[in-house]
Protein chains: 4
Amino acid sequence: MIRQSSSLTTYIVTFSCPNRPGIVAAVSQRLFELGANITEAQQFDDMASTQFFMRIVFELPKDGLSEDALKTEFAGLANTFSMNWSISDRSKRLKVLLFVSRFDHCLVDLLYRWRIGELQIDPVGIVSNHPRETYADLDFHGIPFHHLPITKETKADQEERIWTVFQESGAELAVLARYMQILSNEMATRLSGRCINIHHSFLPGFKGARPYHQAFSRGVKLIGATAHYVTSDLDEGPIIEQDVERISHADDPDDLIRKGRDIERRVLARAVRYHVERRAILNGNKTIVFTP
Amino acid sequence: MIRQSSSLTTYIVTFSCPNRPGIVAAVSQRLFELGANITEAQQFDDMASTQFFMRIVFELPKDGLSEDALKTEFAGLANTFSMNWSISDRSKRLKVLLFVSRFDHCLVDLLYRWRIGELQIDPVGIVSNHPRETYADLDFHGIPFHHLPITKETKADQEERIWTVFQESGAELAVLARYMQILSNEMATRLSGRCINIHHSFLPGFKGARPYHQAFSRGVKLIGATAHYVTSDLDEGPIIEQDVERISHADDPDDLIRKGRDIERRVLARAVRYHVERRAILNGNKTIVFTP
Amino acid sequence: MIRQSSSLTTYIVTFSCPNRPGIVAAVSQRLFELGANITEAQQFDDMASTQFFMRIVFELPKDGLSEDALKTEFAGLANTFSMNWSISDRSKRLKVLLFVSRFDHCLVDLLYRWRIGELQIDPVGIVSNHPRETYADLDFHGIPFHHLPITKETKADQEERIWTVFQESGAELAVLARYMQILSNEMATRLSGRCINIHHSFLPGFKGARPYHQAFSRGVKLIGATAHYVTSDLDEGPIIEQDVERISHADDPDDLIRKGRDIERRVLARAVRYHVERRAILNGNKTIVFTP
Amino acid sequence: MIRQSSSLTTYIVTFSCPNRPGIVAAVSQRLFELGANITEAQQFDDMASTQFFMRIVFELPKDGLSEDALKTEFAGLANTFSMNWSISDRSKRLKVLLFVSRFDHCLVDLLYRWRIGELQIDPVGIVSNHPRETYADLDFHGIPFHHLPITKETKADQEERIWTVFQESGAELAVLARYMQILSNEMATRLSGRCINIHHSFLPGFKGARPYHQAFSRGVKLIGATAHYVTSDLDEGPIIEQDVERISHADDPDDLIRKGRDIERRVLARAVRYHVERRAILNGNKTIVFTP
């Protein structure tokens, strides 16, 4: 729950930097001096990479420091510790561009969570390689719909158009909600750290086409889904969230697909939530996820 | 629970055969004529292989048909339908040969379940490539221990000795309880359908050495274990049971190994139970598992 | 998956009767004689109540026995064994009347599963004690909406109107999809065995109002939901399905409510599926659920 | 995993205090000045009680501040913020007194985890109301065994003897590993915050005797276990950990008891681990559990 006082603004700062003694002391001391009240803090000290990661939620009086002034103040400290950092106002909704292909269960689920106020997102557009009629039953509540069909020949063009939509809409995050096109390396690089994909079936077990049919052939007893940041290696990006369900020999591929839909939509929704709340932080080919 | 009347013998029959109409009718009619009371029955009609699978638990009066006579009677019917079949007296404990290497958590767990009467097994031997001193803290309760060390050069010899132990002990099932040697194709073939392995980490995701370190490097959010029948392809045999636990970025390889131990022992114990109760039936490179 | 041959009709028969030897033999023999091919069968022998329960899925040629003739044939056998029984054509959608109050997540979820053909239901009406405007964002796709407000004084009247809607719509099942009114004993009795409720939070742990707040106060580490048949004792009817999710001290009541929504909708959807597929059978104050 | 440098000592400090701005800054600043390197930190700001909770893991050079000097230094700070606090050397094993009655699965499991070095405990005694012969098959590895039988008349005396054992053994934690005696209010108070119990079946659903039989009668689809701190209200103490497993109509009470054993032992082991690692902190009738 987001508790918001009318006289306070809540900020989230996340940062990573080379580990060394005194980081927590310096940051918390500085925030204290700026009049901040820390309400949440989580940290991780990666022994392997010797990087330090932190997420802090704090409140500032609305009549105190402005957001710009806050960032300027923090920048000095960040510089000292060579931080990658970002500060965001928790009450601002993240602008999200949603991508979909034929199957709409993840899209419908995200839109529902947005509509009831569960997800702090602002959907600025829906991109599909299928026409609007594919979703005839869906009410997009005024969200701009972009039909961007794609063929082998037009892929580069189509991605340019996507990139234009992304930039012009002011999108801060792309969510591939069962968008069945592989992004080019260039596109993946452009969206690095701000593009989430849901991979059906259980990564990294079953790559390639028709993973549920692969899972069926293999006779597995659990199927799952993986939400991850997109990199140029489509199904191998840093994992944000995973989940599974039990299946039996009596489940055929259609049953797996049905159960898969339930797993996919909840895994993707959780991953988007973690990103929106700045809980997911990239760490090389892995993620730090500061879950509550 | 195994409910046993003093005047009744409980049998389990399992069979598979090409599917065709009338199998259930014929089998249940025949069992009825033989005086059997069916207490459990499960079936599966594999659309892909067009094979039919069934498991029936039934009771016969102790002063009625003998086990041999029952088998003779059933053989006729089985012949008509070209069945692969087996009948066993549920009160007889299955003779099991246990294999272990350095890590003993699965072995200790299986022995505990045997000792308190949870698993209907009769451990006829423990085979290890490590000496008895490795398990100095363990009381084997008189179960014969076979130290069968192995090197690249002596592998063939060692497996011959294993095979001798298996045969002479009257073992009906081999359980590789974290036995870290790969069986030769010949050995795997000899033990086909009667050798269960536990594969740590989540198959088929991470093959090869140190799977938990692989899982850690990959940043997965779930780890698991798979119990399967052994085939010549060590980690690819028909899966009997799988389970997972959630991990986070804060879990290092040692934490994964610790959580893995818990998953491994419960997954292996369930798989052995399913085999002992004749719930697991091979179906090509998959299994039918008639869970309760 | 429902595999349907164009020349075959698939039926589901379920029955319960006092246990005695020969039931399976008689039923499977009779179905065989009628030309049926059994594709699924599950049974349960309740030692406590000495009742026998069975569910059989079978195919009949479309140009063979009619549904009426089939039922007549089966009735004779059913009489012999004093069965409670029912036969249904699996391709016919079950007529369902949906009930909702302020929170629409379960309703939206069921409608989605219906729309994509996942649930074999035919929603014949939506009943709410709130007006149509409460669901201004929802497209009911032409399903009749019945605003039936209720006060302490009008409860009896309102329930009569519900009963009229239920009967006139031809509904075969009532689904209380977070309908926050307690049915009277009389109404519960009328709908006995054909009314499913979802109880948020984990029954029977937290009864009464605001169960998530109770769970929060108690500091539980898991919350859940229970779907059950409605009896006059609202939250104590025979349980069909349950599930849980992990929570922590950092989750406040609003987080519990959010996580609860996800659990509730999947638990209710599974329960409706089990009922629709005739997998759930009442057994006193419990259920038999023949899961795949 | 516990990473230990030979030249560093790792300490865990936990504290709770009334919330106010500046706590994190002051504590991290002070630790920094003392030469500490913080490797883990977790905090929780309880909006309801307005209490603040924190757990910090930090390293100090072995040739720097002594443990006593460290505590003296911290005491000053603690005083300023009215903290309840404790500091412990992570390499020191916690002295644990284990309690057991007839069923030994939790005891065997804890001893195994201790023996392989998984749990940082030092078992200083085993107390049972049953004689040593009950555990004839168990090797206690030299841990003193105390047979303290109990009757209604001798309860007060028996608890005095327990208290003597607890004190004389230097025990820091009592673990009721399926010890089936209810502690008196006085005893519960004496052991407040340092006594963990495992409650079989799913609290708070089924209180009183034979909870698995209650769960069976109720026809639940999930059973579970709860580990909690003992208070004078035996099954109602602050919950540390819970888990569940799925059951079906085909599981009888003995199956529930069998599945329950697996849940109980893993839930209790996790709870003990959380306590040993100072992750579990009392917060009124709830707990904060800083899981990794």
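Miscellaneous remarks
- Of all residues in segment A:5-23 being open to solvent by less than 40 Å² (accessible area, probe 1.4 Å) and of a type in the set (Gly, Ala, Ser), the one that is farthest from residue A:58 (Cα to Cα): A:22
- Of everything in segment D:252-292 that is closer than 17 Å to residue D:110 by Cβ and among the acidic types (Asp, Glu), the residue that is least open to solvent (accessible area, probe 1.4 Å) is D:264.
- Looking across segment A:226-245, the residues that are under 15 Å from the mean Cα position of the chain (by Cα), among the hydrophobic types (A, V, I, L, M, F, W, C) and more than 16 Å from residue A:185 (Cβ to Cβ) come down to A:227, A:239, A:240.
- Taking residues in segment A:162-181 that are open to solvent by 20 Å² or more (accessible area, probe 1.4 Å), and partners anywhere that are of a type in the set (Val, Ile, Thr) and outside any strand (DSSP E or B), the pairs with Cβ atoms closer than 7 Å and at least 6 places apart or on different chains are A:181/A:150.
- Of everything listed in (1) closer than 18 Å to residue D:84 by Cβ; (2) touching a helix residue (DSSP H, G or I) at 6+ places or on another chain (Cβ under 7 Å), the single unmet condition for residue D:25 is (1).
- Residue within segment B:160-181 that is of a type in the set (Val, Ile, Thr), within 19 Å of residue B:285 (Cβ to Cβ) and not in a helix (DSSP H, G or I) present: no
- Filter result (at pLDDT 90 or above and hydrophobic (A, V, I, L, M, F, W, C)) within segment D:227-245: D:227, D:230, D:239, D:240, D:244
- Of the listed requirements (1) among the charged types (D, E, K, R); (2) assigned to a strand (DSSP E or B); (3) within 11 Å of another protein chain (Cβ to nearest Cβ); (4) under 22 Å from residue D:90 (Cα atoms), residue D:45 misses just one: (4).
- Test: residue in segment B:208-215 that is facing another protein chain (nearest Cβ under 7 Å), assigned to a loop (DSSP other than H, G, I, E, B) and not hydrophobic (A, V, I, L, M, F, W, C): no
- Test: residue B:35 is in a loop (DSSP other than H, G, I, E, B), at pLDDT below 95, touching a strand residue (DSSP E or B) at 6+ places or on another chain (Cβ under 9 Å) and closer than 25 Å to residue C:33 by Cα: yes
- Count of segment B:138-158 residues which are closer than 22 Å to residue D:115 by Cα, surrounded by 10 or more Cβ atoms within 10 Å (Cβ to Cβ) and without any contact (Cβ under 8 Å) to a residue 12 or more places away in the chain: 1
- Any hit, segment A:66-80, residues being over 20 Å from residue D:25 (Cα atoms) and in contact (Cβ under 8 Å) with a residue 12 or more places away in the chain: yes
- Of everything in segment C:219-253 that is part of a loop (DSSP other than H, G, I, E, B) and hydroxyl-bearing (Ser, Thr, Tyr), the residue that is farthest from the other protein chains (Cβ to nearest Cβ) is C:232.
- Failed condition for residue A:27, given (1) in contact with a Lys or Arg (Cβ under 9 Å, 6 or more places away or on another chain); (2) without any contact (Cβ under 8 Å) to a residue 60 or more places away in the chain: (1)
- Entry remark, segment A:134-169: residues being of a type in the set (Gly, Ala, Ser) and touching a Gly at 6+ places or on another chain (Cβ under 8 Å) number 1 in total.
- Considering only residues in segment A:266-278 that are in contact with a strand residue (DSSP E or B) (Cβ under 8 Å, 6 or more places away or on another chain) and either more than 13 Å from chain B (Cβ to nearest Cβ) or assigned to a loop (DSSP other than H, G, I, E, B) (or both), the one that is nearest to residue A:13 (Cα to Cα) turns out to be A:278.
- Residue within segment D:139-159 that is of a type in the set (Val, Ile, Thr), more than 22 Å from residue D:270 (Cα to Cα), out of contact with any helix residue (DSSP H, G or I) (no Cβ under 7 Å at 6 or more places or on another chain) and assigned to a helix (DSSP H, G or I) present: no
- Residue check for residue D:50: within 14 Å of chain A (Cβ to nearest Cβ) and without any contact (Cβ under 8 Å) to a residue 60 or more places away in the chain: yes
- Residues of segment C:102-137 satisfying the condition of being among the hydrophobic types (A, V, I, L, M, F, W, C) and open to solvent by 20 Å² or more (accessible area, probe 1.4 Å): C:103, C:108, C:114, C:116, C:124, C:136
- Any hit, segment B:279-290, residues being more than 9 Å from chain A (Cβ to nearest Cβ), without any contact (Cβ under 8 Å) to a residue 60 or more places away in the chain and not in a loop (DSSP other than H, G, I, E, B): yes
- Here residue A:58 meets each of (1) under 25 Å from the mean Cα position of the chain (by Cα); (2) away from every other protein chain (no Cβ under 12 Å) with one exception, condition (2).
- Cβ pairs under 9 Å, 6+ apart, first in segment B:108-137 and within 14 Å of chain D (Cβ to nearest Cβ), second small (Gly, Ala, Ser) and part of a strand (DSSP E or B): B:134/B:128; B:135/B:128
The values are calculated or read from the model by the stated rules, or taken from the named source; none is laboratory data. Bear in mind that the values here come from a model prediction, so they are computed numbers and not experimental data. For neighbour counting, all protein chains shown are included, and Cβ atoms are generated from backbone atoms with ideal geometry for every residue, glycine included. Surface accessibility is based on the protein's heavy atoms, side chains included, excluding ligands, DNA and RNA. Shrake-Rupley method; radii C 1.70, N 1.55, O 1.52, S 1.80 Å.
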